[in-house]
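Visitor: Can you keep this structure in mind? I'll have questions shortly.
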Amino acid sequence: MSAKEETQNQKKSTPPVPEEAARKIPEDELEAVAEALLFSAGDSIALVHIAKTLGVDQRKAQQIVEELAAKYDGQKRGIRVIRVGNAYQMTSRPEYYTYIGQMYKSEAASIRLTDTQLEILAVIAYRQPVTKMEIEEIRGVRSDAVVNRLMEYGLIEEKGRLKAPGRPVQFGTTEAFLKFFGIEDLKQMPHLKEAMEDKREEETQLSLELADLTILPESEE
């Protein structure tokens with residue numbers, strides 16, 4: 001047997017390092033690791049994945065992340081940790097978006113929704129999953145252009161197809177929708193109308209999570 005073959009056989013016979021041992025984290029470092037995970041992700045991380053990486057149960061992981069979020073809020077830092085459904089994300093604080101926009105000087109950092117877009121978005125949000133036909137029945141006019149634009153913004157997405165002739169596509173809101181209106185989950189929907197009014201008054205500026213979208217305001221039906 002050659003030296004190379006012997007080495008390969010030794011590798012095959014060596015048991016892999018257990019995942020638990022590979023990610024064993026000291027108790028006093030759990031929060032720091034959670035912070036590093038959220039910072040490096042650039043997007044939301046499901047609580048179940050945070051818990052698995054930390055080597056703790058989901059209740060413990062949630063406690064760690066919530067305490068981290070409270071520290072950021074208490075210190076009024078420029079970044080914060082927000083909850084998005086069953087996930088968490090590190091993002092810049094809304095009151096500082098103006099300064100961020102000044103630095104990047106990019107219109108792509110903001111979304112301006114027309115009254116029509118807000119109207120259709122509300123229909124989708126409250127009635128999801130909903131088809132274009134159902135939206136048009138409510139509004140009384142065609143809504144193809146607006147629905148397509150909302151999909152480009154990442155605020156809605158296809159949620160499957162209705163079991164009916166033609167199998168029409170059904171639409172619903174996205175995680176980006178939650179971030180855009182500053183709500184944690186759809187249970188807070190009763191407050192959505194007020195949030196939409198605030199967006200209209202402020203000529204909405206989107207958070208950095210959506211900064212890569214191309215924003216071209218236009219009048220639509």
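Visitor: Could you tell me whether Thr114 is assigned by TED's automatic domain parsing to the domain that holds Leu186, modelled with pLDDT of 90 or more and surrounded by 14 or more Cβ atoms within 10 Å (Cβ to Cβ)?
Guide: Numbers: assigned by TED's automatic domain parsing to the domain that holds Leu186: yes; modelled with pLDDT of 90 or more: no; surrounded by 14 or more Cβ atoms within 10 Å (Cβ to Cβ): yes.
Taking the combined requirement at face value, the residue does not satisfy it.
Visitor: Kindly provide the set of residues from region 136-186 that are among the polar types (S, T, N, Q) and part of a loop (DSSP other than H, G, I, E, B), ordered by number.
Guide: Hits for region 136-186 are Ser143, Thr174.
Visitor: Would a scan of region 150-173 turn up a residue that is farther than 16 Å from Thr114 by Cα, under 17 Å from the mean Cα position of the chain (by Cα), at pLDDT 90 or above and among the β-branched types (Val, Ile, Thr)?
Guide: Scanning region 150-173, I find at least one residue that is farther than 16 Å from Thr114 by Cα, under 17 Å from the mean Cα position of the chain (by Cα), at pLDDT 90 or above and among the β-branched types (Val, Ile, Thr), so the answer is yes.
Visitor: Failed condition for Met133, given (1) part of a helix (DSSP H, G or I); (2) within 25 Å of Phe39 (Cβ to Cβ), with all others met?
Guide: Going through (1) part of a helix (DSSP H, G or I); (2) within 25 Å of Phe39 (Cβ to Cβ) one by one, Met133 breaks only (2).
Visitor: Follow-up. Under 30 Å from Ala36 (Cβ atoms), surrounded by 13 or more Cβ atoms within 10 Å (Cβ to Cβ), of a type outside the set (A, V, I, L, M) and touching a residue at least 60 places away in the same chain (Cβ under 8 Å): does that describe Tyr153?
Guide: When the stated conditions are applied, Tyr153 does not pass them.
The values are calculated or read from the model by the stated rules, or taken from the named source; none is laboratory data. Bear in mind that the values here come from a model prediction, so they are computed numbers and not experimental data. We place every Cβ from the backbone using ideal geometry, glycine too, and count neighbours over all the protein chains shown.
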